[in-house]
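Peer 1: Pasting in a structure now, in structure tokens, and then I'll have a few things to ask.
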Amino acid sequence: MALIVGFAIPAGALAQDAIDREDHVLSDGKLDDKDLAAVVAVAQRHLKEMTDAVIKKAGAELEEAGIFRPMAFMVMKSDKVQQMRLEEKAEKAPGQVKVLMYRAGLKSIARRGEIHASVIAYPGSVEKDGETIRALVLEHEHRLGISGFKLIPLDLKNGKASFGEPMSQEKPFQIFYDDKGESDSSGN
């Protein structure tokens, strides 16, 4: 399962936090191949842990009710995966509105430097060979410069949820960074 889509390390990702330890990987301001491999491994682990949490939660909801609601998870500074919760009133909002609320909330938390990665998951569908297939849609981002969509086909047979091979594609940054095309609307 490929977990890294659209890999690029924006300069802001490397300079976002002050480096105050001489032995830190970025203390010299450069990444060699070994350092880059370590960074990629950490980002890959974070994205896998969040994806696993989403699949577990969505699978349980599918098996219980036949559907799942939009949800969001984040990797905290402590490296723990935590589900983001909406206020009780917001839980009654339509799914599309919940996704917007998750994006806004995660963006606020990310821009304050409180999380390393985020994922928003919601129900969707994919057209394949003229057939519409139910899918779990994952929007994931990592502060190390990774941003993408995963479309994971899902099936519910005899009350048991199963998930297929993910299809990945790039997406613009929304949570940790502004997409370059959106950062300056004046054209400058």
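Peer 1: How much accessible area per residue does the stretch 91-188 have, counting only protein heavy atoms and a probe of 1.4 Å, in square angstrom? Could the numbers behind the result be given before it?
Peer 2: Numbers: 5310 Å² over 98 residues.
Accessible surface, normalised per residue, equals 54 Å².
Peer 1: Could you give the length gained on full extension between Arg85 and Glu61, defined as 0.36 nm per residue of separation minus the Cα-Cα distance, in nm? Display every interim value, and only then the final one.
Peer 2: Details: separation 24, 0.36 × 24 = 8.64 nm, distance 1.57 nm.
Value of the extension gain: 7.1 nm.
Peer 1: For the stretch 32-60, list residues with backbone N below 20 Å from a point placed 7 Å from the Cα of Asn158 toward its Cβ?
Peer 2: The answer is 59-60.
Peer 1: Let me ask something else. HN-Hα J couplings of the stretch 59-72 from phi, Karplus 6.51/-1.76/1.60, θ = phi - 60°, integer Hz, Gly and Pro as x?
Peer 2: Working through the residues one at a time gives x, 5, 5, 4, 5, 7, 10, x, 9, 9, 8, x, 8, 9 Hz.
Peer 1: Here is a follow-up. Exceeding 31 Å between C-alpha atoms, which entries from my cross-link table qualify? They are Lys77/Lys128; Lys92/Lys150; Lys89/Lys157; Lys57/Lys89; Lys128/Lys171. Numbers along the way, then the final one.
Peer 2: Working: Lys77/Lys128 39 Å; Lys92/Lys150 26 Å; Lys89/Lys157 33 Å; Lys57/Lys89 21 Å; Lys128/Lys171 20 Å.
Violating the 31 Å limit, Cα to Cα: Lys77/Lys128; Lys89/Lys157.
Peer 1: Tally up the carbon and sulfur contribution to the accessible surface of the stretch 49-176 as a whole percent, 1.4 Å probe, everything protein left in place. All intermediate terms of the calculation are to be shown ahead of the outcome.
Peer 2: Values: 3390 of 6720 Å².
Solvent-exposed carbon and sulfur of the stretch 49-176 make up 50 percent of the total.
Peer 1: At what distance in nm do the modelled label points of Glu165 and Ala104 sit from each other, each positioned 7 Å from its Cα along Cα→Cβ?
Peer 2: If labels sit at Glu165 and Ala104, their model points lie 4.0 nm apart.
Peer 1: If one computes the Cα centroid of the stretch 154-171 and of the stretch 35-91, what distance in Å separates the two points?
Peer 2: The distance from the Cα centre of the stretch 154-171 to that of the stretch 35-91 comes to 15 Å.
The values are calculated or read from the model by the stated rules, or taken from the named source; none is laboratory data. Predicted model, so just to flag it, every value in this text is computed and none were measured. FYI the Cβ positions are ideal-geometry reconstructions off the backbone, even for glycines, and counts take in every protein chain you see. Calculation scope for accessible area: heavy atoms of the full protein, side chains included, ligands and nucleic acids excluded. Shrake-Rupley method; radii C 1.70, N 1.55, O 1.52, S 1.80 Å.
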